[in-house]
1. What ranking do LEU303, LEU184 get, fewest neighbouring Cβ atoms within 10 angstrom at the top?
2. Let me have the relative contact order for the stretch 5-61, percent, based on Cα pairs under 8 Å that are six or more residues apart.
3. Between GLN395 and SER247, take the C-beta separation as r, use R0 = 35 Å, and let me know the FRET efficiency to the nearest 0.05.
4. What is the magnitude of the charge dipole of the chain about its Cα centre, with +1 placed on the Cβ of each Lys and Arg, -1 on the Cβ of each Asp and Glu, and no other charges, expressed in debye to the nearest 20?
5. Using R₀ = 30 Å, calculate the FRET efficiency as 1/(1 + (r/R₀)^6) where r is the Cβ-Cβ separation of THR460 and SER325; round to 0.05.
6. Using a 10 Å cut-off around each Cβ, can you sort SER35, SER215, SER456 from fewest to most neighbouring Cβ atoms?
7. For all pairs of alpha-carbon atoms in the stretch 308-451, what percent lies in each bin of width 5 Å, listed from the first bin to the last filled one?
8. Counting pairs of alpha carbon atoms under 8 Å apart in space and at least six apart in sequence, what relative contact order in percent does the chain give?
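Coordinate-derived values only; no laboratory data. Since we're looking at a predicted model, the values are computed, not measured. For neighbour counting, all protein chains shown are included, and Cβ atoms are generated from backbone atoms with ideal geometry for every residue, glycine included.
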Amino acid sequence: MVETAILAGPAIRRLRRREGLTQAAMASRLGISPSYLNLIERNQRPLSARLLVQLAEAFEFDPRSLRQDEAVGGVDGLRRRLADERFADLGIDRDEVTEWLAAAPQAALAFARLYDAAGADAGSSSAVASDPMNLARREIERWRNHFADLDVAAEELADELRLSNAEIGAALAERLRQKHQLSLRILPYDVMPDALRRLDLHARQLQLSELLDQSSRNFQVALQLAMLEQGEAIAAIADGARFADRSAWRLFRRHLAGYFAAALLMPYGRFMRACEGTGYDLTILQRRFNVGFEQLAHRLTTLQRVGQRGLPFFMARIDRAGQFSKRYAGASGTTMLESDASCPLWNVHRAFEQAGRIQVQSLEFAESSGQVSHWVTMGRTVEGSAAAPGGNPAQFAVVLGLEAQLAAQLSQARALPLDPGQATPIGPGCARCHRSDCQQRSLPPRGAALQFDERSRGLTPFAFGR
């Protein structure tokens, strides 16, 4: 039998000091040598599963304390906080963050709490930490947007539905009718002008607007099934976040219900096989699972099942003004989504000029700290779920991103040069970007020392130092 082993030196050292023991005394109680315990405390030897059991029995040690990193979102959670412009001059790289979290997890947790309490979200020191959307998003990122229990439950239900009807829309409607005694009714716009979905328990109907297309109808029915059949499980996960703000709890619960609905329409195993078989071809995946582009993008950020992981995508939704209305880093580790504004050189903005066409780009992203990473992004426009007759539907650009070193597997990136030297340089919005050669710059970076030369005019509107 192969034992699971982890490095847990700081946690064991804290436990020993809490108990008031020398290394020799603690080693004696554990039945190991003091020199071996010394190596464990210095992270030069792993903590085996057998020794973990001994610690729990001898000292009432809680193994969950070894997962302190989860409370801050791991290395990626700390990096997102350190992407704040106030730390830009420190040049803290990923290796330093990894070492910090391993050596002093409680100090890292203290920093994270202080940072969050100070209201420093998304790179803005004026943002309020108690903003419910921020709180819900941080909890989603802490889970890396992967909720394994919901995935398993959705996959089991999807398999059951396939046995009754291969057409998912009909199968969902039949599930409502048989298990919940609810009929599905599509109502004209003039009957239901202010809603897309309504549950009428008096009439025993789930009512949907005629303005919804078929993929949106399927999602709304799946969402209702999520709330009817997984309501307790979803609420339990939301309760675990311990939100003081009820709005944050509701936002997180709504996300979880949408997660289950997407997992029901795109069951994990079948979806992963389709992704790998098509090279993550976005167009084919949309058609095969009869989902919208935004639903597909959401799902691609969630593929983190142990033993069956997908590519670590991030996803964002942007309006014409460059504002983020959704952003999920997933397991990508990116800090591209932490700014208040997006870079105008990012071609996701061009998607508005070519509605419905996927815009693919190789880009080099410069963080506020000066670190550079290489990404491939794919974005296209989506419209709001529906618009009143004669009205203009809301329009957004949804973008998926993946580290360029992984992008060779993507169908949409096959014709794209992946050489970093050919990537478009972008930054985290002008106010946080320190690229000095950008002619598109609208503002100088905050905190930078402006430089003036009245005898010459450079190619860029602002000259500045770090």
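1. Details: LEU303 22, LEU184 19.
Neighbour counts put them in this order, fewest first: LEU184, LEU303.
2. Working: 52 pairs, mean separation 25.6, N = 57.
For the stretch 5-61, the relative contact order is 45 percent.
3. Working: r = 26 Å, r/R0 = 0.76.
Using R0 = 35 Å, I get an efficiency of 0.85.
4. Values: 57 positive and 53 negative charges, 46 e Å.
Once rounded to the nearest 20, the dipole reads 220 debye.
5. Working: r = 30 Å, r/R0 = 1.01.
Working from the Cβ atoms, E equals 0.50.
6. Details: SER35 12, SER215 19, SER456 6.
Result, fewest neighbours first: SER456, SER35, SER215.
7. Histogramming the stretch 308-451 at 5 Å steps yields 2, 10, 18, 21, 20, 14, 8, 5, 2, 1, 0 percent.
8. On the way: 737 pairs, mean separation 56.7, N = 466.
Normalised by residue count, the contact order of the chain is 12 percent.
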